[in-house]
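Everything on this sheet refers to the single structure shown next.
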Amino acid sequence: MRIGAMTHAFDWTDLSLALLTDHEIFQRYRERRALPRYRHARLAESFFELERAIWSCTRCMHRAISRHDAARKRLPASRNA
C-alpha cells in the first residue's frame with residue numbers, strides 16, 4: 001500500500017467507500033480554464049501595416065481622453081477636483 005498526498009477523490013466500491021479531498025468538499029480550489037486564443041489575427045506583413053494599426057489605436061485613445069476631459073469640464077467645480 002502506498003501512502004501519499006491525495007489530490008482527487010476516489011471510490012472504492014468493494015468496501016462501499018468513497019473518499020473526497022477537503023478542497024472538493026469545501027470547493028476551495030476551482031479549475032482554471034485556459035482562455036481561448038484569438039485565432040483570427042494575422043501577422044503584419046510590413047512595417048506600414050503595423051504603424052497604421054498603432055496610429056489607429058492612438059487616435060482612439062486620444063478621442064476617449066478628449067471626451068473624458070469634456071465631460072469633466074461640465075461637472076460642478078466642487079466635483080472637478
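Values in this text are rule-based calculations from the coordinates and carry no lab data. All values derive from a computational prediction rather than experimental measurement. When we count neighbours, we look across all protein chains shown, and the Cβ atoms used for this are built from the backbone with ideal geometry, even at glycine.
Against the main long axis of the alpha-carbon atoms of the chain, helix 47-74 sits at an angle near 80°. Ranking ILE65, PHE48, PRO36 by Cα position along the charge dipole of the chain, where only Lys, Arg, Asp and Glu carry charges on their C-beta atoms, puts ILE65 farthest toward the positive end. What the Cβ-Cβ distance of CYS60 and ARG33 gives, at R0 = 22 Å and to the nearest 0.05, is a FRET efficiency of 0.15.
Placing pseudo-labels 7 Å out from each Cα toward the beta carbon at ALA53 and ASP14 gives an inter-label distance of 6.0 nm.
Put simply, the chain fits an ellipsoid with semi-axes of 56, 27, 9 Å; these come from the alpha carbon gyration tensor as the roots of five times its eigenvalues, largest first. Dipole size of the chain about its Cα centre, with +1 on Lys/Arg Cβ and -1 on Asp/Glu Cβ: approximately 940 debye, rounded to the nearest 20.
Annotation note: trypsin sites (Lys or Arg not before Pro) in the range 30-72 located in DSSP loop regions with a Cβ neighbour count of at most 15 within 10 Å are ARG30, ARG32, ARG33, ARG37, ARG39, ARG42.
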